[in-house]
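J.: I have a structure here, written as structure tokens, and I will follow up with some questions on it.
Bear in mind that the values in this text are calculations on the coordinates, not laboratory data. Keep in mind that this is a model prediction, so the values were computed, not measured. All Cβ positions, glycine included, derive from the backbone under ideal geometry; neighbour counts span all protein chains shown.
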Amino acid sequence: MTPLLDVSNLRVAYGDRSGKRVAVDSASFTVEPGEIVALVGESGSGKTATALAIMGLLANNARVGPGSAIRFEDRDLLTLPERELRDLRGRRISMVFQEPAAALNPVMRVGEQVAEVALVHGERDKKKAREQAIAMLGRVGLPDPAEQYRAYPHELSGGMRQRVMLAIALLLKPSLVIADEPTSALDVTVQAQVLKLLLELQRESGTAVLLITHDLGVVAETCSRALVMKNGQLVEQATVDALFHAPQHEYTRELLAAMPKLKRRA
Amino acid sequence: MSDRPLVSVGGLVVRHESAGLFTRRATKTAVAGVTFDIARGETLALVGESGCGKTTTARALLRLIDAAEGTMVYDGTDLRALRGETLRRQRKHMQIVFQDPFTSLNPRHTVGAIVGEGLLVHGIAKGDAAKARVATLLEEVGLSASDENRYPHELSGGQRQRVAIARALAVDPEFLVLDEAVSALDVTTQAQVLALILRLRDARGLTCLFIAHNLAVVQQVADRVAVMYQGRIVEMAPSRALFDLPAHPYTRAMLDAVPVSDPRDRKERTLLVGDPGVTGVQTGCAFYSRCSHPAKDAACTTQQPPLVSLATGHLAACIKTNINLEPT
Ligand SMILES: Nc1ncnc2c1ncn2[C@@H]1O[C@H](COP(=O)(O)OP(=O)(O)OP(=O)(O)O)[C@@H](O)[C@H]1O
Ligand SMILES: Nc1ncnc2c1ncn2[C@@H]1O[C@H](COP(=O)(O)OP(=O)(O)OP(=O)(O)O)[C@@H](O)[C@H]1O
Ligand SMILES: [Mg+2]
Ligand SMILES: [Mg+2]
């Protein structure tokens, strides 16, 4: 089986006034179809940069290193013309951005932002797009989705905005969803609902997920494999079971040791 | 008087106006009568379902949005009465780390300017002294002094969050609101930042309102916990009591939904079934439709359950529960 996503030797450097900053340093990994893979690691270690490189959405001051390759469904994303990349985005591969407040359009109703994904990718019937959007907003746990459809981003709570972001990414059931901290603003019951939805989409549509998260509980609960990043490098790749029970790298051990655990009376 | 609470909120009601479906503008009650005190040096955690009104409560308390009803008193000062210069001076004591760091940081200012701004505005330090203070703060939150020349958009999500924390701490506030302030940090960096906050609490009695979804983190830092559901506090207790003897069915559902910490213990997590609806006027208990309490009945739907005391400092708003009930 060829992997759905094959990232090899990825190198991303940002240039700013202070010079060049290597954000991702020769990272190689794969994601198989239908697999849920965690990407965890230090704040600033290059997780979002990795995600943005795959999506072709890196900032202007970023450069992808010459030896890098990103293959997705047998296409080389790094050399794909922008027009073809735009067609893939949202339909075959989508991203839940880490900061929904910054990623959403502040002057457009949130429901319309969800429906737009369908319209951009060929849906002609506005009413159908709207119905699809409302249904997905409901599935990600937004209360009263038909009413909230009309809200503007600033009228929603942090976690509600995050669910809108999720609805946008999941609407067309792409084969790969890159979810960058998709549950960081959700309480545990809504979080459980969202993770269950990801597992449902995995079963229904074979959706694979690259799940970037700081919540190791979410990793333990949902993922089959995990990648650990530090200083731009992938320092460990393992099954989730091995990661939690036989961590190899010193940094992984540090992470596990620092994981806050809820203590409850038995 | 040393036992006077530093912060005292009574019957707080906050409404938002928004674009409604049938009317052009609709009013939504996001906070529907919230009462709590925070003692000097205490950390009160505010937890609850996404959208239940936590951020709105915090913003009203800091006078960033208007309260519709209720009282808010800070160290004897009526916060709702403050205007202009007195309000500005009060702001030095009360700082907030916003839930969305990116939108709360001025994109045109460097990290150094953002963190140092309060020092200048409140006349605390300037020049080299301000620069040194900024450098110390950046290092305390796990950034480096050289990051002062960078801009917010050049940082990672967790780095921006730490800039917001450093900015809030810069003016040495007495009272700090942390709204999901460590949720974008890896667990080791998170532990470092929490240790810093706890150190400030011990060293100079920093008082905190700690809003968070990660209950394991809440358990680590909070002295007391208030649980909100649809605009109201449904349970409030010393941290230990809340986690050991949760009294309200919503609190229990929440605790049961915490993810496991070992992949070998995977289980089906409890899901709350039923649409919670958007906060609005309803008679009876707002949690009724999703409640799994075995004794729930029509009595729950006739009146708003009052927040009553079950044990010292332990309050819950459920007419069917008492503290002796075995935790599920
Ligand atoms: N536009 C940019 N210009 C310059 N440097 C950048 C830019 N964006 C990110 N960086 C830097 O690149 C590195 C990697 O950032 P990235 O956002 O990938 O981290 P991350 O692993 O997602 O962290 P977090 O968990 O905090 O979100 C960081 O050191 C960051 O400061
Ligand atoms: N500016 C606004 N205009 C209209 N409605 C608003 C506004 N801000 C918040 N709301 C609504 O008020 C309610 C409470 O929002 P709030 O942001 O206080 O929730 P929260 O408890 O902080 O949630 P989260 O955990 O998701 O951040 C939500 O229903 C939200 O849609
Ligand atoms: Mg990131
Ligand atoms: Mg909030």
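J.: Mean 1/r over all different Cα pairs, inverted: what Kirkwood radius does chain A give, in Å?
T.: So the Kirkwood estimate lands at 19.1 Å.
J.: For the pair B:ASP172 and B:ARG264, how long in nm is the line joining their label points, each one 7 Å along Cα→Cβ?
T.: Placing both labels 7 Å beyond Cα along the Cβ direction yields 5.1 nm.
J.: Rounded to the nearest Å, what's the spacing between the alpha carbon centres of region B:130-179 and region B:48-110? Just the number, please.
T.: 19 Å
J.: How large is log10 I(q)/I(0) at q = 0.08, 0.12 Å⁻¹ when the Debye formula is applied to the Cα atoms of chain B, each weighted equally and without solvent?
T.: The Cα Debye sum returns log10 ratios of -0.40, -0.90.
J.: Which number do you get for Rg(Cα) / (2.2 N^0.38 Å) in region B:54-98?
T.: Taking the Cα Rg and dividing by 2.2 N^0.38 Å, one obtains 1.08.
J.: Using Cα positions and a limit of under 25 Å, work out the lysines in reach of B:LYS28, with same-chain residues fewer than 8 apart set aside.
T.: In chain and number order, the partners are B:LYS54.
J.: Using only Cα positions of the protein assembly as shown, each an equal point scatterer, no hydration layer, compute I(q)/I(0) via Debye at q = 0.07, 0.12 Å⁻¹ and quote the log10 values to two decimals.
T.: Debye output, listed in q order: -0.41, -1.30.
J.: Read phi for every residue in region B:295-311 and hand back ³J(HN,Hα) as whole Hz from Karplus 6.51 cos²θ - 1.76 cosθ + 1.60, θ = phi - 60°, with x for Gly and Pro.
T.: Per-residue couplings from phi come out as 9, 5, 7, 4, 4, 5, 9, 8, 9, 5, x, x, 7, 10, 7, 9, 7 Hz.
J.: To continue, here is another question. Between B:ASP244 and A:SER8, how high is the FRET efficiency from 1/(1 + (r/R0)^6) when r is the Cβ-Cβ distance and R₀ = 35 Å? Nearest 0.05.
T.: It comes out at approximately 0.10.
J.: Each label point is 7 Å from the Cα along the Cα-to-Cβ direction; what then is the distance between the points at B:ALA113 and B:ALA295, in nm?
T.: 6.2 nm
J.: Taking the Cα centroid of region A:107-128 and of region A:228-266, what is the distance between the two, rounded to the nearest whole Å?
T.: If you average the Cα positions of each part, the centres end up 40 Å apart.
J.: Can you tell me the FRET efficiency between B:VAL13 and A:ALA146 if r is taken as the Cβ-Cβ distance and R0 is 35 Å, rounded to the nearest 0.05?
T.: About 0.85, to the nearest 0.05.
J.: Work out how much length A:GLU82 to A:LEU57 would gain on full extension: take 0.36 nm times their residue separation and subtract the Cα-Cα distance, in nm to one decimal.
T.: Roughly 8.0 nm would be gained on extension.
J.: For B:ASP75 paired with A:LYS126, estimate the spin-label separation in nm (one decimal), with each label point 7 Å from Cα along the Cα-to-Cβ line.
T.: Spacing of the two 7 Å Cα→Cβ label points: 5.6 nm.
J.: Add +1 for every Lys or Arg and -1 for every Asp or Glu among the other residues with Cβ under 10 Å from the Cβ of B:GLU140, and state the total.
T.: +1
J.: Among A:MET136, A:VAL110, A:LEU211, whose Cα projects farthest towards the positive end of the dipole of chain A, with charges put on the beta-carbon of Lys, Arg (+1) and Asp, Glu (-1)?
T.: In chain A, that residue is A:VAL110.
J.: B:VAL308 to B:ALA132: extension gain in nm, 0.36 nm per residue of separation minus the Cα-Cα distance?
T.: 58.4 nm
J.: Now, a different point. Counting only C-alpha contacts under 8 Å and six or more residues apart, can you give the relative contact order of region A:110-266 as a whole percent?
T.: It rounds to 17 percent for region A:110-266.
J.: Against the longest alpha carbon principal axis of chain B, how many degrees, from 0 to 90 and to the nearest 10, is the axis of helix B:127-140 turned?
T.: Between helix and principal axis, roughly 40 degrees.
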